[in-house]
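Trainee: Quick one: the structure is below, questions incoming.
The values are calculated or read from the model by the stated rules, or taken from the named source; none is laboratory data. Source: prediction; values computed, not measured. Ideal geometry is used to build each Cβ from the backbone, glycine not excepted, and the neighbour counts take in all protein chains shown. Side chains are part of the model used for accessible areas, which takes the heavy atoms of the whole protein and leaves out ligands, DNA and RNA. Shrake-Rupley method; radii C 1.70, N 1.55, O 1.52, S 1.80 Å.
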Amino acid sequence: MRKKIVAGNWKLNNTMDEGIKLASEIENMMKDELRTDVTVVLGTPFIHLSAVGKLTANTDKLNVAAQDCSTHGSGAYTGEISVSMIKSTGANYVIIGHSERREYHHETNAELAIKVDLALKEDLTPIFCCGESLDIRESGKHGAFVSEQLTESLFHLSEAQIKKTVIAYEPIWAIGTGVTASSAQAQEMHKALRSHVANRYGETIADNISILYGGSCKPSNANELFSQPDIDGGLIGGASLKSRDFMDIINSF
Ligand code: PGA
């Protein structure tokens with residue numbers, strides 16, 4: 001059985017106090033309202049990892065993710081945060097290769113492969129993001145493009161390592177735009193990604209990998225998206241900043 005996961009990605013939002021307030025609200029709502037067997041992850045800015053990690057330490061339903069990590073382990077890299085630093089805060093996930101990192105920080109598939117390796121060595125679960133721009137979708141090459149992102153950043157992993165990895169399909173044209181991929185478009189891509197994993201690692205491993213959808217997922221469309229056979233949850237940006245909306249998405253399965 002593959003894991004159902006709803007992960008929030010706060011991006012560049014929330015001061016220390018605001019972040020703790022939001023995480024506490026979600027933790028309390030989950031105690032009272034959680035209806036389904038779902039793993040929840042809060043992808044916070046680095047400053048919140050330790051405090052939110054402590055808040056969530058008593059429940060394995062609620063986890064904490066960094067939004068990025070360095071390609072370096074330690075040394076003279078001003079401003080960087082390493083996987084061991086992330087691990088030491090109590091976080092247990094890390095988002096890798098978000099399209100905003102790829103676009104604004106020019107992260108390449110080869111660099112992301114290094115980050116995935118480092119995360120797995122530190123026993124952090126990578127949430128590896130892939131997805132195409134509008135131009136690529138309109139050219140009809142989205143399937144090949146996203147497959148290549150997986151091949152170049154993940155397919156060097158061993159079977160044991162890929163089993164611990166989570167994939168998030170996030171069409172760039174749907175991120176923060178209010179335009180959601182239709183459930184049919186999302187399902188088609190998730191199915192293609194799963195069969196790409198199956199070609200490399202076999203059906204059993206592919207069947208057990210969680211593939212999350214991201215891109216304007218909200219309470220009003222989460223249920224339809226999560227009902228698709230190859231969609232195992234969501235990576236949620238804007239709607240993860242409001243505890244009520246986020247909780248409603250969590251309960252959408
Ligand atoms: P969004 O962001 O839900 O605001 O579209 C998703 C993401 O970038 O992870």
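Trainee: Here is a list of conditions, (1) of a type outside the set (A, V, I, L, M, F, W, C); (2) over 28 Å from Ile114 (Cβ atoms); (3) open to solvent by less than 20 Å² (accessible area, probe 1.4 Å), and His48 meets all of them except one; can you say which number that is?
Mentor: (2)
Trainee: Among the residues of segment 178-200, is any within 16 Å of the ligand (Cβ to nearest atom) and over 18 Å from Ile231 (Cβ atoms)? Give the derivation first.
Mentor: First, pick out the residues of segment 178-200 that are within 16 Å of the ligand (Cβ to nearest atom): 178-183, 185-186, 189-190.
Still in the running and over 18 Å from Ile231 (Cβ atoms): 178.
Taking every residue of segment 178-200 in turn, at least one turns out to be within 16 Å of the ligand (Cβ to nearest atom) and over 18 Å from Ile231 (Cβ atoms).
Trainee: A further question follows. State yes or no: is Ala144 farther than 26 Å from Ile249 by Cβ, free of Cβ contacts under 8 Å to residues at least 24 places away in the same chain, out of contact with any strand residue (DSSP E or B) (no Cβ under 6 Å at 6 or more places or on another chain) and part of a helix (DSSP H, G or I)? Write out each step before concluding.
Mentor: Numbers: farther than 26 Å from Ile249 by Cβ: yes; free of Cβ contacts under 8 Å to residues at least 24 places away in the same chain: yes; out of contact with any strand residue (DSSP E or B) (no Cβ under 6 Å at 6 or more places or on another chain): yes; part of a helix (DSSP H, G or I): yes.
Spelling it out, Ala144 is indeed farther than 26 Å from Ile249 by Cβ, free of Cβ contacts under 8 Å to residues at least 24 places away in the same chain, out of contact with any strand residue (DSSP E or B) (no Cβ under 6 Å at 6 or more places or on another chain) and part of a helix (DSSP H, G or I).
Trainee: For segment 65-141, which fully contained helices (runs of 4 or more DSSP H) count at least 2 residues that are out of contact with any helix residue (DSSP H, G or I) (no Cβ under 6 Å at 6 or more places or on another chain) and at pLDDT 95 or above? Working first, answer last.
Mentor: Values: elements: 83-88, 99-104, 109-121, 134-138.
Hits in segment 65-141: 83-88, 99-104, 109-121.
Trainee: Looking at segment 158-177, is at least one residue within 18 Å of the chain's Cα centre (by Cα), open to solvent by 70 Å² or more (accessible area, probe 1.4 Å) and on the phi > 0 side of the Ramachandran plot?
Mentor: yes
Trainee: In segment 77-102, what residues are open to solvent by less than 50 Å² (accessible area, probe 1.4 Å) and within 16 Å of the ligand (Cβ to nearest atom)?
Mentor: Tyr93, Val94, Ile95, Ile96, Gly97, His98, Ser99, Arg102
Trainee: Do the conditions hold for Ile167, that is, is it in contact with a strand residue (DSSP E or B) (Cβ under 7 Å, 6 or more places away or on another chain), among the aliphatic types (A, V, I, L, M) and either within 15 Å of the ligand (Cβ to nearest atom) or in a helix (DSSP H, G or I) (or both)?
Mentor: On the way: in contact with a strand residue (DSSP E or B) (Cβ under 7 Å, 6 or more places away or on another chain): yes; among the aliphatic types (A, V, I, L, M): yes; either within 15 Å of the ligand (Cβ to nearest atom) or in a helix (DSSP H, G or I) (or both): yes.
For Ile167, the condition - in contact with a strand residue (DSSP E or B) (Cβ under 7 Å, 6 or more places away or on another chain), among the aliphatic types (A, V, I, L, M) and either within 15 Å of the ligand (Cβ to nearest atom) or in a helix (DSSP H, G or I) (or both) - is met.
Trainee: Can you list residue pairs whose Cβ atoms sit under 8 Å apart, with the first residue in segment 8-28 being more than 11 Å from Leu241 (Cα to Cα) and the second being open to solvent by 60 Å² or more (accessible area, probe 1.4 Å) and not in a loop (DSSP other than H, G, I, E, B)? Count only pairs 6 or more apart in sequence or on different chains.
Mentor: Met16/Ile47
Trainee: Quick check on this structure: which one of Ser210, Ser216 is near the ligand (Cβ under 10 Å from one of its atoms) and among the polar types (S, T, N, Q)? Don't jump to the end; show me each part of the working.
Mentor: Numbers: Ser210 fails: near the ligand (Cβ under 10 Å from one of its atoms).
Testing whether each residue is near the ligand (Cβ under 10 Å from one of its atoms) and among the polar types (S, T, N, Q) leaves just Ser216.
Yes/no per residue for (1) assigned to a loop (DSSP other than H, G, I, E, B); (2) away from the ligand (no atom under 16 Å from the Cβ):
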site: Ala23; (1), (2): no, yes
site: Met29; (1), (2): no, yes
site: Leu42; (1), (2): no, no
site: His48; (1), (2): no, yes
site: Asn58; (1), (2): yes, yes
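Trainee: Follow-up. Can you tell me which of (1) touching a helix residue (DSSP H, G or I) at 6+ places or on another chain (Cβ under 9 Å); (2) open to solvent by less than 20 Å² (accessible area, probe 1.4 Å) is the one Thr36 doesn't meet?
Mentor: So the condition that Thr36 fails would be (2).
Trainee: Of the residues that sit in segment 198-253 and are aromatic (Phe, Trp, Tyr) and not in a helix (DSSP H, G or I), which one is most open to solvent (accessible area, probe 1.4 Å)?
Mentor: To start, the set of residues in segment 198-253 that are aromatic (Phe, Trp, Tyr) comprises 201, 213, 226, 246, 253.
Add one more test, that the residue is not in a helix (DSSP H, G or I), and what stays is 213, 253.
On the way: Tyr213: 0, Phe253: 61 Å².
The qualifying residue most open to solvent (accessible area, probe 1.4 Å) is Phe253.
Trainee: Between residues in segment 92-104 that are of a type outside the set (Val, Ile, Thr) and residues that are within 10 Å of the ligand (Cβ to nearest atom) and open to solvent by 20 Å² or more (accessible area, probe 1.4 Å), which pairs lie under 6 Å by C-beta distance while being six or more apart or on different chains?
Mentor: If the second residue must be within 10 Å of the ligand (Cβ to nearest atom) and open to solvent by 20 Å² or more (accessible area, probe 1.4 Å), the pairs left are Ser99/Ile172.
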